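Only the coordinates and a few stated rules stand behind these numbers; no lab work does. Keep in mind the model is a prediction, meaning the values are calculated, not measured. Because the Cβ atoms are built from the backbone with ideal geometry, glycine has one as well, and the counts that use them run over all protein chains shown.
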Amino acid sequence: TISMVAIDRHGHVAVGTSSNGANHKIPGRVGDAPLVGAGGYADGTVGAAACTGDGDVMMRFLPSFLAVEEMRRGSSPEDAAKTAISRIAQYYPTFSGAIIAVNIRGEYAASCHGLDNFPYSVHSPLHPSGVVLRVPCV
Amino acid sequence: GVGLPIAINTWPFTNATATAWNAVYRRNLSAIDAVELGCSVCEREQCDLTVGYGGSPDEDGETTLDAFIMDGVTMNVGAVGALRGVKSAISVARRVLEHTQHSILVGELATQFALQMGFQVENLTTPQSREMWQSWRTNSCQPNYWMGVEPDPRQQCGPYQPLSSTSDRFSQAEYSHD
């Protein structure tokens with residue numbers, strides 16, 4: 001899955017996801033990628049978040065929505081991302097997944113669970129040539 | 001903010017990020033354009049075989065696509081689930097956003113929508129995805145996502161049916177005892 005957040009010069013926020021789902025899924029299965037608040041969520045007054053991982057589990061917790069709501073309540077992107085991931089891990093300690101969270105000032109962070117130093121890719125004024133960052137999982 | 005504009009995505013799919021960045025930074029396009037363009041790169045490049053055609057075959061060997069796009073200004077959403085036979089899932093999702101009052105279309109009927117929007121139907125299976133599927137079949141369809149069915153999904157391929165009540169009782173007797 002690719003899950004992406006972009007904020008343009010006008011401060012407008014958008015999020016998108018694209019995935020071919022799980023290997024050997026039961027025909028008809030849909031993952032979290034196309035579900036609002038699960039694979040991604042954006043609110044122009046707050047920011048956006050986007051997820052990847054075990055969609056059958058992650059969709060049950062609307063992690064992207066939760067992360068955006070946490071930022072609305074004043075959390076940093078880092079804390080918001082960790083909260084969303086930790087909520088899932090509380091119920092599914094073996095799940096694998098990750099989230100990126102970005103606020104409307106362009107501050108961003110990622111969090112993950114069950115992965116090995118989750119990598120994510122960023123282009124911003126501070127990284128105009130692009131950079132791949134890695135975050136250790138909670 | 002000093003951090004704007006920005007393009008960020010999961011995994012080291014750097015060509016996708018660079019394309020989205022180019023859209024918002026150099027071409028002065030909108031965030032929604034950037035997201036569509038960025039994700040489209042991965043659909044074409046089959047990023048990690050987890051995006052686009054030719055990856056993650058289902059139990060019948062078919063690749064279907066899920067995609068979603070959301071405008072944080074209008075809170076408008078377009079999405080497709082289990083889209084069959086169309087490679088540009090994120091762009092179809094954007095057509096759902098822009099040309100319908102719905103949020104998500106699924107399956108074969110989403111394909112019919114895509115056709116109306118001018119997309120082509122193509123085979124999403126590749127030799128590689130067929131080989132992945134055949135290897136899984138050869139391995140007794142392991143792993144899979146079934147439970148509470150017979151024959152035993154941990155050992156055999158389907159088709160499956162729900163465990164009969166007799167089987168349930170047998171199962172309880174077999175596994176729940178002192």
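At-a-glance table
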read-out: Local electrostatic count, B:Arg94, Cβ distance below 11 Å [Lys/Arg +1, Asp/Glu -1]; value: -3
read-out: A:Asp116/A:Ser76 FRET efficiency (R0 30 Å; Cβ-Cβ; nearest 0.05); value: 0.80
read-out: For A:Pro27, net neighbour charge (Lys/Arg +1, Asp/Glu -1) across residues whose Cβ lies under 13 Å away; value: -2
read-out: Cβ-based exposure ranking for B:Arg84, A:Arg73, B:Arg94, in which fewest neighbours within 10 Å come first; value: A:Arg73, B:Arg84, B:Arg94
read-out: Test item: Cα-centred dipole of the protein assembly as shown, Lys/Arg +1 and Asp/Glu -1 on Cβ, debye; value: 720 debye
read-out: Unmatched cysteines, the protein assembly as shown - criterion: no other Cβ of a Cys under 4.7 angstrom; value: A:Cys51, B:Cys39
read-out: Top positive-direction residue, dipole computed over the range B:1-158 with Cβ charges, set B:Gly81, B:Val96, B:Thr50; value: B:Val96
read-out: Estimated [θ] at 222 nm from DSSP helical runs (n ≥ 4, -39500 (n - 2.57)) normalised by residues in chain B, nearest 500; value: -11500 deg cm²/dmol
read-out: Ranked by how many other beta carbons lie within 10 Å on average, peptides B:117-127, B:55-65, A:39-49 from highest; value: A:39-49, B:55-65, B:117-127
read-out: Prolate/oblate/rounded call for the range B:19-178, Cα gyration tensor, a/c under 1.5 rounded; value: prolate
read-out: Computed over chain B: relative contact order in percent, which uses C-alpha pairs under 8 Å that are six or more apart; value: 14 percent
read-out: Helix B:127-138 axis, angle to chain B major axis (alpha carbon atoms, nearest 10°); value: 20 degrees
